[in-house]
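A short write-up of the structure that comes next.
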Amino acid sequence: MSTYKKRGYKPSNKKEEQQAQESNSATAEVFNTLDETASRSEKWIEKNSKVLLYVLVGLVVVFLGYLGYNKYIGEPKEQDAANELAFPRKYFDLAATAGSGIDSLLNLGLEGADGKYGFLDIAESYSGTNAGNLANYYAGVSYLQMKKYDKAIEYLSKFDSDDEMLGPISLGAIGDAFSDINQPKDAMEYYEKAANKKDNQFTTPLYLFKAGQTALILKEFGKAENFFTKIKEKYSKSDQGRDIDMFINASKYGK
């Protein structure tokens with residue numbers, strides 16, 4: 001244990017004198033070690049100064065390259081993709097209101113025409129852009145309407161969005177595709193994901209209801225009751241909440 005010593009203190013005996021010498025020696029050793037370490041660090045820096053300079057320059061180049069990519073490549077590419085998306089969307093929107101020839105319109109949207117890109121081209125050529133991501137959604141929904149369920153699942157699975165509506169709807173559309181190919185377990189899984197993606201008064205009760213209906217088909221009555229009860233408790237004013245007691249009772253009787 002160290003002992004505080006006043007200024008001008010002199011050892012009163014040999015033991016204290018020896019302790020003082022040992023303390024001074026230890027202090028000197030520490031300073032020598034620090035000096036040696038500093039010296040080695042200086043030598044290492046001096047020896048590797050070129051390497052360090054190259055690393056620093058490299059970091060600056062990467063940073064400037066990132067800024068340059070965004071300004072001269074990323075942003076123009078994003079704008080080009082958004083412009084390209086206008087053409088196939090025209091046919092997608094027409095298909096939504098057309099009385100006949102829907103598949104032909106959807107195909108034009110998917111494949112493109114007159115040298116213009118369709119959703120498939122945009123999704124591939126502009127992957128990594130917002131428009132490329134959105135093209136996956138349109139392609140998936142188009143395939144779903146054409147009853148090409150495997151393709152619908154493939155493209156909708158590539159789409160990723162935190163949008164209040166598109167996020168849940170894309171997951172719910174995958175659930176619809178699985179339901180149409182008689183894979184109710186997968187359908188229920190995606191309906192539940194869609195319900196939980198964003199909490200709102202439209203998509204949440206809609207997909208809770210679809211999940212509950214699918215659970216009834218699977219005879220998983222406990223799950224069905226949970227889905228329907230959540231609608232009653234939190235979304236009673238929604239379209240699905242109006243007659244929800246009937247479905248809750250059906251779940252209970254099925255147990």
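Laboratory data are not the source of any read-out in this text; all were calculated from the coordinates shown. Keep in mind that this is a model prediction, so the values were computed, not measured. Cβ placement follows ideal geometry from the backbone for every residue including glycine, while neighbour counts extend to all protein chains displayed.
Of 242, 89, how do they rank once you tally other Cβ atoms within 10 Å and put the fewest first?
By the 10 Å Cβ count, ascending, the order reads 242, 89.
Around residue 178, what is the net charge, scoring Lys/Arg as +1 and Asp/Glu as -1 over all other residues with Cβ under 9 Å from its Cβ?
Counting the neighbours of residue 178, the net charge comes to -3.
Cα-based count: Lys pairs in the stretch 174-230 below 16 Å, eight or more positions apart or different chains?
Value for the stretch 174-230: 14.
For the pairs 151/252; 116/147; 148/237, flag any whose C-alpha to C-alpha distance is greater than 29 Å.
Beyond 29 Å between Cα atoms: 151/252; 148/237.
Amide H to amide H, which residues 5 or more places from residue 112 or on other chains are under 5 Å from it, using H placed in the peptide plane?
Hits under the 5 Å cutoff: 118, 119.
Tell me, in nm to one decimal, what length is gained between residue 90 and residue 236 on full extension, where the rule is 0.36 nm per residue of separation less the Cα-Cα distance?
Going from the current span to full extension adds 48.8 nm.
Using the Karplus curve 6.51 cos²θ - 1.76 cosθ + 1.60 with θ = phi - 60°, work out ³J(HN,Hα) for each residue of the stretch 116-122 in order, rounded to whole Hz, and write x for Gly and Pro.
Whole-Hz 3J(HN,Hα) from phi for the stretch 116-122: 9, 6, x, 4, 5, 5, 5.
In whole angstrom, how far apart do the alpha carbon centroids of the stretch 227-255 and the stretch 107-158 sit?
For the stretch 227-255 versus the stretch 107-158, the Cα centre distance is 36 Å.
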